[in-house]
Amino acid sequence: MGEEKKVVDRFRSRSEHTLDDKGRLNFPSRFRQVISTYESSVLMVTTWGKHLRAYPVSEWEKLENKLHTQGREQPGLVSFVRLVVSGSTKCSLDKQGRLLIPVSLRNETNIDKDVVLTGMVDWVEIWGKDAWRIEHQAALDNFDSYEESLAKLGIF
């Protein structure tokens, strides 16, 4: 029997959660484990369309640097950069593993109490439950349309 290869720690899977009255989210232990590989319990949280994205600081800095350098070459991205960077907030996990989501970010994305977390390899998406249902159904309805792109990647 060969040795099992260690699975790389990345943000994977999805789960449903409820924010407490202060807007704190119990961040799943599997995601906290991934964050620990970044040697920081700080996340950068920002609006991203109809949901929020939470990045480990080092991943956020990579995105920010791309936007600052390469983004200037892309027409029409100034408003996008303004939205995403101005909306970013440094959030730390507390000792209980909770993430306080600022009211301003919750209001921008209509996040109330029930949320869905989706692991996206290098970041975590935070969706209001109703918005997630719509997004998830749209992805299911369009599943066949992904074949060409997946084939180009050698996946399909």
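Here, each number is a calculation from the coordinates, and none is a lab measurement. Only a predicted model underlies this, so the values are computations on that prediction, with no experimental measurement involved. Backbone-built Cβ (ideal geometry, glycine too); neighbour counts: all protein chains shown.
Taking the criterion of being over 13 Å from the mean Cα position of the chain (by Cα) and either among the small types (Gly, Ala, Ser) or more than 20 Å from VAL121 (Cβ to Cβ) (or both), the residues of the stretch 40-76 that qualify are SER40, SER41, SER58, HIS68, THR69, GLN70, GLY71, ARG72, GLU73, GLN74, PRO75, GLY76. The set of residues in the stretch 77-91 being polar (S, T, N, Q) and either farther than 30 Å from SER36 by Cα or under 15 Å from the mean Cα position of the chain (by Cα) (or both) consists of SER79, SER88, THR89.
Among the residues of the stretch 130-145, the ones that are part of a helix (DSSP H, G or I) and either over 18 Å from GLU16 (Cβ atoms) or of a type in the set (Gly, Ala, Ser) (or both) come to 7 in all.
Yes/no matrix, rows are residues, columns are (1) over 28 Å from LYS62 (Cα atoms); (2) surrounded by 15 or more Cβ atoms within 10 Å (Cβ to Cβ):
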residue	(1), (2)
LEU100	no, yes
TRP127	no, yes
ASP130	yes, no
ALA139	no, no
PHE143	yes, no
TYR146	no, no
GLY154	no, no
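Contact annotation: residue pairs with Cβ atoms under 6 Å, 6 or more positions apart or on different chains, pairing a residue in the stretch 98-123 that is in contact (Cβ under 8 Å) with a residue 60 or more places away in the chain with a partner that is surrounded by fewer than 19 Cβ atoms within 10 Å (Cβ to Cβ) and assigned to a helix (DSSP H, G or I), are ASP114/LYS129; VAL116/LYS129; ASP122/GLU59.
Considered as a group, the residues in the stretch 91-117 that are in a strand (DSSP E or B) and in contact with a helix residue (DSSP H, G or I) (Cβ under 8 Å, 6 or more places away or on another chain) include one that is nearest to ALA54 (Cα to Cα), and that residue is LEU117. Elements of the type strands (runs of 3 or more DSSP E) sitting completely within the stretch 1-84 and holding at least 3 residues that are surrounded by 14 or more Cβ atoms within 10 Å (Cβ to Cβ) and out of contact with any Asp or Glu (no Cβ under 9 Å at 6 or more places or on another chain): these cover 42-48.
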